[in-house]
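The values are calculated or read from the model by the stated rules, or taken from the named source; none is laboratory data. Just so you know, these numbers come straight off a predicted model, no measurement behind them. Neighbour counts are summed over all protein chains in view; Cβ atoms, including those assigned to glycine, are modelled from backbone coordinates with ideal geometry.
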Amino acid sequence: MTELYTEAIVLGKEKRGDIDSTVILYSKSLGKIRAFVKSARKITSKLSPHLEPGMLVRARLIQGEKRGGNFQVADVLSEERYKEAEAVKMLRFANDMTAEGEEDIRFWQALKLLLKEKRFDPPAYQLLLHILGFSTQTASCNRCHSKKVDYFITDEVLFLCRPCSRILNIPEEKAISI
Ligand SMILES: [Zn+2]
């Protein structure tokens with residue numbers, strides 16, 4: 001077993017068994033990981049109040065034998081919580097667009113800064129997409145090939161112009177304005 005400290009943002013939380021939880025964290029040191037939170041759903045849990053989605057935390061994690069997984073939250077302290085709708089949307093984007101166990105310090109730094117400064121505008125998403133390897137400069141609409149791209153659709157990983165987005169009836173919460 002190894003122990004490590006990292007800053008992280010809580011992307012999500014899931015029930016596990018009757019009283020435990022699993023949290024999805026985007027961490028500075030390890031990228032996206034899932035971590036077990038023992039007895040998280042007991043009213044006496046000291047960890048749980050610090051592990052709500054949107055919280056910026058400092059966590060002490062214990063990693064089991066299995067390489068690249070098996071994390072457990074041993075201790076955690078929240079510093080801030082980002083819960084406005086735009087922040088929730090950005091956190092969902094971060095969750096959808098990243099794979100577990102791939103550390104990316106640039107993505108971490110950008111995500112943390114954008115949340116802190118409440119920047120949820122197209123340039124903010126252009127920056128995140130750029131770090132993830134998508135060029136919004138050279139992108140064209142996946143449907144009509146127009147060079148005027150207005151949205152990135154996270155679910156489908158595609159770029160669309162505004163008219164095509166309307167034709168395809170893409171719900172607003174799934175479309176990132178770029
Ligand atoms: Zn189009």
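One table, with the values for the structure above:
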read-out	value
Strands (runs of 3 or more DSSP E) (entirely within segment 1-83) containing at least 1 residues that are among the polar types (S, T, N, Q) and at pLDDT 95 or above	2-16, 20-27, 71-81
Some residue of segment 154-169 being among the aliphatic types (A, V, I, L, M), assigned to a helix (DSSP H, G or I) and either at negative phi or within 13 Å of the ligand (Cβ to nearest atom) (or both)	yes
The lone exception for Thr2 - which of (1) farther than 30 Å from Val157 by Cα; (2) of a type outside the set (A, V, I, L, M); (3) in contact with a Lys or Arg (Cβ under 7 Å, 6 or more places away or on another chain) it fails	(3)
Segment 1-56, residues that are without any contact (Cβ under 8 Å) to a residue 24 or more places away in the chain, crowded, with 16+ Cβ neighbours inside 10 Å and of a type in the set (Asp, Glu)	Asp20
